[in-house]
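Chemist: Have a look at this one before I ask anything.
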Amino acid sequence: MTSKPVTPESANLHERAGVALLRLVETTQSRLPDLGDIAREMDEPLSRVSEIYATAQCLLVSVIEQSMTILIDSCTRAVVQVDPDDPMGQCQALIEAYLTWVTQHPSQFRLMSDQRLLDVARFESLRRYQDSINELAGRMMYRAQAQGQLHPKEDVPALVLTSRCFVYGVARMIVDGRLCDFSGGNNAMEAAQNITRDYIRRVARGSQPR
């Protein structure tokens, strides 16, 4: 289930529809508005919006896919800037890039994390973005293991899952505005970076042979 191709003539409408959707979801709390709601929010005829999107869910998937493209690009750029001989440093860069994206796209993060609105796993176009981040993290951790930064018997898939849970928790605290309350700071991203560095240090130290 996809939207129709966005032509140059409809690009502005596409952008406005995405903004309207995000604004409505913020106010409706876990209820996906229909196309009529979105058209009214845009002050556009429903017929014009439905020329591009068959349903509100098509629009939602398009908005999330666009945001995840930015996420993947940001994560890739962050990782390649770190010495490839320091895979745990690359893991830290990956986490920080993800959390930076969360601070810049809080509404999109909320949408992705609320299965009542969107089950990302059901849409291959979205799932492949999510899978690519998990696979990247796994590859870096296996390299860290091969280079002695993690214990030879470390369960890497389990560590990737643990790290995903950690990152989700920090991201949730960022969008809820609670991270600074717990960290005692005033800048959420600065607090997130400090927490991430501490997490990476503890993972690496805890994985060393005793």
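Chemist: Which ones in the range 192-203 are of a type outside the set (Ser, Thr, Tyr) and either under 19 Å from Ala78 (Cα atoms) or without any contact (Cβ under 8 Å) to a residue 24 or more places away in the chain (or both)?
Modeler: Ala192, Gln193, Asn194, Ile195, Arg197, Asp198, Ile200, Arg201, Arg202
Chemist: Since Met140 meets every condition but one in (1) within 19 Å of the chain's Cα centre (by Cα); (2) more than 27 Å from Asp85 (Cβ to Cβ); (3) not charged (D, E, K, R), which condition does it not meet?
Modeler: Only one criterion is unmet by Met140, namely (2).
Chemist: Now a separate question. Any idea which of Ala188, Ala146, Ala158 is at negative phi and crowded, with 17+ Cβ neighbours inside 10 Å?
Modeler: That would be Ala188, the only listed residue that is at negative phi and crowded, with 17+ Cβ neighbours inside 10 Å.
Chemist: Checking Ala17 against (1) of a type in the set (Gly, Ala, Ser); (2) within 26 Å of Met173 (Cβ to Cβ); (3) in contact with a Ser or Thr (Cβ under 9 Å, 6 or more places away or on another chain): exactly one of these is not met. Which one?
Modeler: All conditions pass for Ala17, except number (2).
Chemist: Exactly one condition in (1) surrounded by fewer than 20 Cβ atoms within 10 Å (Cβ to Cβ); (2) touching a His at 6+ places or on another chain (Cβ under 6 Å) is not met by Asp43; state its number.
Modeler: (2)
Chemist: A follow-up question, please. Looking only at the range 33-77, which residues are of a type in the set (D, E, K, R) and more than 30 Å from Leu99 (Cβ to Cβ)?
Modeler: Selection gives Asp34, Asp37, Arg40, Asp43, Glu44, Arg48, Glu51.
Chemist: Moving on to the next point. Quick check on the range 67-76. Is at least one of its residues more than 25 Å from Glu124 (Cα to Cα) and at pLDDT 90 or above?
Modeler: Checked the range 67-76: no residue is more than 25 Å from Glu124 (Cα to Cα) and at pLDDT 90 or above.
Chemist: Can you run down the residue pairs with Cβ atoms below 7 Å, 6 or more apart or on separate chains, where the first is in the range 40-58 and without any contact (Cβ under 8 Å) to a residue 12 or more places away in the chain and the partner is small (Gly, Ala, Ser) and crowded, with 17+ Cβ neighbours inside 10 Å?
Modeler: Pro45/Ala39; Leu46/Ala39
Chemist: Another question, if that's okay. Looking for something among the aromatic types (Phe, Trp, Tyr), more than 26 Å from Arg202 (Cα to Cα) and buried (at least 20 other Cβ atoms within 10 Å of the Cβ) - is there at least one such residue anywhere in the range 97-119?
Modeler: Yes: the range 97-119 contains one or more residues that are among the aromatic types (Phe, Trp, Tyr), more than 26 Å from Arg202 (Cα to Cα) and buried (at least 20 other Cβ atoms within 10 Å of the Cβ).
The values are calculated or read from the model by the stated rules, or taken from the named source; none is laboratory data. What you see is a predicted model; the values in this text were computed from it and never measured. When we count neighbours, we look across all protein chains shown, and the Cβ atoms used for this are built from the backbone with ideal geometry, even at glycine.
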